[in-house]
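The values are calculated or read from the model by the stated rules, or taken from the named source; none is laboratory data. Note that the structure is a prediction, hence the values are computed from the model and not measured. Cβ atoms come from the backbone with ideal geometry, glycine included; neighbour counts cover every protein chain shown.
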Amino acid sequence: MAGPPAVIWGREVEGLLRYRELVPRLEEALGKFSSRDPAEVIQPGRTTVPLQKHHGFMGLMPTYMENKGVLCTKFVCFYKREDGSNLPSTQATVVLLDPEYGNVKAVMDGELITRMRTAAVSAISAKLLMCPEAEVLAILGTGAQAMSHYNVFTEMFSFKEVRVWSCKGQGSERFCRSVSGPVTVCVSAEEAVRGADVIVTVTRCTEPVLFGQWVKPGAHVAAVGACRPNWRELDDVLMKEAVVYADSREGALTESGDVILSGAERRQPCSNPSEWEWKMQCPAQLVFDQWEAKSCKS
Ligand SMILES: NC(=O)C1=CN([C@@H]2O[C@H](COP(=O)(O)OP(=O)(O)OC[C@H]3O[C@@H](n4cnc5c(N)ncnc54)[C@H](O)[C@@H]3O)[C@@H](O)[C@H]2O)C=CC1
Ligand SMILES: O=C([O-])C1=[NH+]CCC1
C-alpha cells in the first residue's frame, strides 16, 4: 500500500512559490500545451458543477504530462459572496497522483496556487503581447486576483503608474494596504482605463465593465474574470475590434462569456501553433487568461 500523501498547505505553499520560478515553468507548460502533443500535455476542458443554492460553482481540472510524469487535478470552487464573509471567493485544492499506480502523492492548498498561476499567465501574455513602452497599468477589481496581478506585473515590468478601480470603491482601501507599491485609486472604470497601455479585468461582474470606446489602440487587455459562459466583463465593441488570444481555444469557446456572447470573429489556429503569433495590427489585444496554454491567430 502506498504511503500517505504529503499535505502542503497555506503558509508552506506561500514559502515555496516564487514568481521568478513559476513564470518560466508556466511559459514552458503553455508552449507544451500549444504543441498539441498528447505526450506533453493532455488537458481536457474542465467539468463544472453549479452550486446554485450557494451562488457558486465547482470546477474539476485534470492534467496529465506523460513526458514529465505529472498527473494532477485541481478542484476549485468559486462563490459570488455578498454575505460579508471574510472567506476568499475561491477555494481550491490541487491533488498530485502517481501516474503509474494512481495513488495520491500530495494534496496542496490551491488557493494561492490559483492566485499566482492566473496572474503569472496574464503577465506572460503581457510580456509577449503588450507594447514594449507600456507605462500605465489599469486593474479593474480589487480582490484576490487584483492583488496577485499587481504583484507579478510590478515585479516583471516597470510601469510609471498603476491605477485600480472597483465598483462602489469596494475593497480599494484594503487593496492599497496590501500591496507594497504606489497605486492610484480611480472613481470610475473609464478614468482607470483611459490611456492605459495594459488593462487587467479581474472582477466577478456579469455585465461589461470595460468598453471599447475607452480603450486606446494597441492596448493589451488581460481578461480574467468572466469565466462562465453567461458572464461578461468586456463589451461587444471591444470584442469585435480586438484580436483575441486564448490560452485554450476549447476553454474560451465553452466558458468565456465574452467570447461566446459577443459573437467575436473566430480565427483558425495558425499553421505552427507552437509559435505564439504576436505581431498586432488591430486596435486592442485580448488575452483570455484561463487555465491552459494559448492558441494563436492565423
Ligand atoms: N480565468 C481564470 O483562470 C480565473 C478566473 N477567476 C475569476 O476572476 C474573478 C476575480 O476573482 P477573485 O479576485 O478571486 O474574486 P474576489 O471576490 O476576490 O474579487 C472580485 C472583485 O470584483 C469586484 N466586483 C464584484 N462585482 C462587481 C461588479 N458588478 N462590477 C465591478 N466589480 C465588481 C469586487 O469588488 C472585487 O474587487 C472571478 O470572476 C473569478 O471567477 C479567478 C481565478 C482564475
Ligand atoms: O480556473 C480557476 O482556477 C478558477 N476559475 C474561476 C475561479 C477559479
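Pairs, please: C-beta under 9 Å, at least 6 apart or cross-chain, first residue in a loop (DSSP other than H, G, I, E, B) and surrounded by fewer than 17 Cβ atoms within 10 Å (Cβ to Cβ) and in the range 32-52, second at pLDDT 90 or above and aromatic (Phe, Trp, Tyr)?
Pro38/Tyr64
Within the range 239-260, track down each residue that is buried (at least 22 other Cβ atoms within 10 Å of the Cβ), among the hydroxyl-bearing types (Ser, Thr, Tyr) and either touching a helix residue (DSSP H, G or I) at 6+ places or on another chain (Cβ under 8 Å) or assigned to a helix (DSSP H, G or I) (or both).
Across the range 239-260, the qualifying residues are Tyr245, Ser248.
Do you know which residues across the range 27-71 are of a type in the set (A, V, I, L, M, F, W, C) and under 21 Å from Ser256 (Cα atoms)?
Our first condition is that a residue be of a type in the set (A, V, I, L, M, F, W, C); within the range 27-71, this holds for 29-30, 33, 39, 41-42, 49, 51, 57-58, 60-61, 65, 70-71.
Within the range 27-71, Leu30, Phe33, Ile42, Val49, Leu51, Phe57, Met58, Leu60, Met61 qualify.
Name every residue in the range 138-158 that is more than 14 Å from ligand 2 (Cβ to nearest atom), assigned to a loop (DSSP other than H, G, I, E, B) and within 22 Å of Gly110 (Cα to Cα), in order of residue number.
Thr142
State whether one or more residues within the range 168-180 are buried (at least 23 other Cβ atoms within 10 Å of the Cβ) and farther than 20 Å from Tyr79 by Cβ.
no
Of the residues in the range 125-142, how many are modelled with pLDDT under 95 and within 13 Å of ligand 1 (Cβ to nearest atom)?
1
Cβ-Cβ distance below 9 Å, separation of 6 or more or different chains: which pairs start in the range 145-167 with a residue that is within 13 Å of Glu135 (Cβ to Cβ) and end on one that is among the acidic types (Asp, Glu)?
That search, which allows pairs on different chains as well, returns Ser158/Glu135; Phe159/Glu135; Phe159/Asp197; Lys160/Glu135; Glu161/Glu135; Arg163/Glu191.
Would you check which residues across the range 58-71 are within 13 Å of ligand 2 (Cβ to nearest atom) and touching a residue at least 24 places away in the same chain (Cβ under 8 Å) and list them?
Once the filter is applied, which keeps residues that are within 13 Å of ligand 2 (Cβ to nearest atom) and touching a residue at least 24 places away in the same chain (Cβ under 8 Å), the range 58-71 yields only Met61.
Can you tell me which of (1) within 16 Å of ligand 1 (Cβ to nearest atom); (2) farther than 16 Å from Gly171 by Cα; (3) surrounded by fewer than 18 Cβ atoms within 10 Å (Cβ to Cβ); (4) among the hydroxyl-bearing types (Ser, Thr, Tyr) is the one Ser85 doesn't meet?
Answer for Ser85: the failing condition is (2).
Would the range 181-202 turn up any residue that is in contact with a Gly (Cβ under 7 Å, 6 or more places away or on another chain) and either within 16 Å of ligand 2 (Cβ to nearest atom) or in a helix (DSSP H, G or I) (or both)?
Yes - at least one qualifying residue is present in the range 181-202.
Taking the options Asp83, Asp109, Asp37, name whichever one is of a type in the set (Asp, Glu) and in contact with a Gly (Cβ under 9 Å, 6 or more places away or on another chain).
Asp109
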